[in-house]
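Asker: This structure is in structure tokens; I'll ask about it shortly.
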Amino acid sequence: MTTIGGRAWLVGALCLAVMSASAADANAYREKGKVAEITKSGMTVTPPRDWNRLDIRPGKYAETWTLDGEQLNDVTFYGGVEPGNPLVKERNKKREPLPKFTRSTLLVEVPELLEGTYRADKQIGSFTLTESKPGRFLGRDGVRFAYEYTDRDNLPRKGEARAVLVANKLYMVTFDAPRLHYFERTLADFRALADTARLAE
């Protein structure tokens, strides 16, 4: 495929993603300035701008927010994942088991847990951790990390995440978007949203 053809394909894929971001995909409005609880976990955020929460949750402990559609900017919160559970719902526990969060999982191992989950759940082969460092989340010492991967449609994507362990539970927020245009365009919105995250004492 030529470079021009590759660009045309990529633009076409992004346009298709925009058109698929219908009201059915995002019809739970999250209003600017109003506190919203995440999965009844005690974790809350106060969005600095309006967002949409997708009705279909990826798992018991997770919910996804977006501005333009899940394929264009995906912010997923993981609220209080308990030991022995995967980050998202397993399609087939026997044939396609997902890695589990455990009591022995260390904070530095959380990026690896997310990678394993993405490889199995999103069925991707390419995933690269580009940065991992200490960082604050929910007012506590945690980890911040960044990554890149190619999704099943061969679209290059970038991501950023924050995570912390509290009382043997995992709290995390991730942001994923196409590397071209959408990631940088929405990164500041994600960071501003994540900065508002709090956990009830």
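Asker: Scan (1) outside any loop (DSSP other than H, G, I, E, B); (2) buried (at least 20 other Cβ atoms within 10 Å of the Cβ); (3) out of contact with any Asp or Glu (no Cβ under 7 Å at 6 or more places or on another chain); (4) not hydroxyl-bearing (Ser, Thr, Tyr) for the single condition Glu112 breaks and write down its number.
Answerer: So Glu112 meets the others, but not (2).
Asker: Hey, can you tell me all the residues within the stretch 47-79 that are outside any strand (DSSP E or B), buried (at least 21 other Cβ atoms within 10 Å of the Cβ) and not hydrophobic (A, V, I, L, M, F, W, C)?
Answerer: Tyr61, Glu70, Gln71, Asn73
Asker: If we keep just the residues of the stretch 62-107 that are under 17 Å from Thr39 (Cβ atoms) and of a type in the set (A, V, I, L, M, F, W, C), which is farthest from the chain's Cα centre (by Cα)?
Answerer: Ranking the candidates gives Phe101 first.
Asker: For the stretch 46-60, name all the residues that are more than 15 Å from the chain's Cα centre (by Cα) and not charged (D, E, K, R).
Answerer: Thr46, Pro47, Pro48
Asker: With the structure loaded, tell me whether Tyr29 is surrounded by fewer than 20 Cβ atoms within 10 Å (Cβ to Cβ) and either over 14 Å from Asp189 (Cα atoms) or not hydrophobic (A, V, I, L, M, F, W, C) (or both) or whether it fails that test. Can you show your working first?
Answerer: On the way: surrounded by fewer than 20 Cβ atoms within 10 Å (Cβ to Cβ): yes; either over 14 Å from Asp189 (Cα atoms) or not hydrophobic (A, V, I, L, M, F, W, C) (or both): yes.
Yes.
For every residue, the table says whether it meets (1) under 25 Å from Gly84 (Cα atoms); (2) surrounded by 16 or more Cβ atoms within 10 Å (Cβ to Cβ); (3) at pLDDT 95 or above.
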position	(1), (2), (3)
Asn154	no, no, no
Arg157	no, yes, yes
Val164	yes, yes, yes
Val173	yes, yes, yes
Glu184	no, no, yes
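Asker: Continuing with this model, one more query. For the stretch 80-98, how many residues are assigned to a loop (DSSP other than H, G, I, E, B), surrounded by fewer than 19 Cβ atoms within 10 Å (Cβ to Cβ) and either acidic (Asp, Glu) or at negative phi (or both)? Step through it out loud before you land on a result.
Answerer: Filtering the stretch 80-98 for residues assigned to a loop (DSSP other than H, G, I, E, B) gives 82-84, 86-91, 93-95, 97-98.
Of the ones still in play, those that are also surrounded by fewer than 19 Cβ atoms within 10 Å (Cβ to Cβ) are 82-84, 89-91, 93-95, 97.
Applying the additional criterion that residues be either acidic (Asp, Glu) or at negative phi (or both) yields 82-83, 89-91, 93-95, 97.
Of the residues in that region, 9 qualify.
Asker: Looking only at the stretch 157-201, which residues are of a type in the set (Asp, Glu) and in contact (Cβ under 8 Å) with a residue 24 or more places away in the chain? Even if it seems obvious, please write down each step before you answer.
Answerer: Step one: filter the stretch 157-201 for residues of a type in the set (Asp, Glu), giving 160, 176, 184, 189, 195, 201.
Across the stretch 157-201, the qualifying residues are Glu160, Asp176, Asp189.
For every residue, the table says whether it meets (1) surrounded by fewer than 13 Cβ atoms within 10 Å (Cβ to Cβ); (2) of a type in the set (A, V, I, L, M); (3) within 20 Å of Thr39 (Cα to Cα); (4) in contact with an Asp or Glu (Cβ under 9 Å, 6 or more places away or on another chain).
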{"site": "Thr128", "(1), (2), (3), (4)": "yes, no, no, yes"}
{"site": "Glu131", "(1), (2), (3), (4)": "yes, no, no, yes"}
{"site": "Arg144", "(1), (2), (3), (4)": "no, no, no, yes"}
{"site": "Glu148", "(1), (2), (3), (4)": "no, no, no, no"}
{"site": "Lys169", "(1), (2), (3), (4)": "no, no, yes, yes"}
{"site": "Asp195", "(1), (2), (3), (4)": "no, no, yes, no"}
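Asker: Would you check which residues across the stretch 88-112 are in contact (Cβ under 8 Å) with a residue 40 or more places away in the chain and closer than 19 Å to Val173 by Cα and list them? Reasoning before the result, please.
Answerer: First, the residues of the stretch 88-112 that are in contact (Cβ under 8 Å) with a residue 40 or more places away in the chain: 101, 103, 105, 107, 110-111.
Listed by number, the residues that qualify are Phe101, Thr105, Leu107, Val110, Pro111.
Asker: Further question: Mind telling me which of the residues Arg162, Arg198 ends up being of a type outside the set (Val, Ile, Thr) and more than 20 Å from Leu129 (Cα to Cα)?
Answerer: Of Arg162, Arg198, the one residue that is of a type outside the set (Val, Ile, Thr) and more than 20 Å from Leu129 (Cα to Cα) is Arg198.
The values are calculated or read from the model by the stated rules, or taken from the named source; none is laboratory data. Here the structure is a predicted model, which means the values were calculated and not measured. Virtual Cβ from ideal backbone geometry, glycine too; neighbours counted across all protein chains shown.
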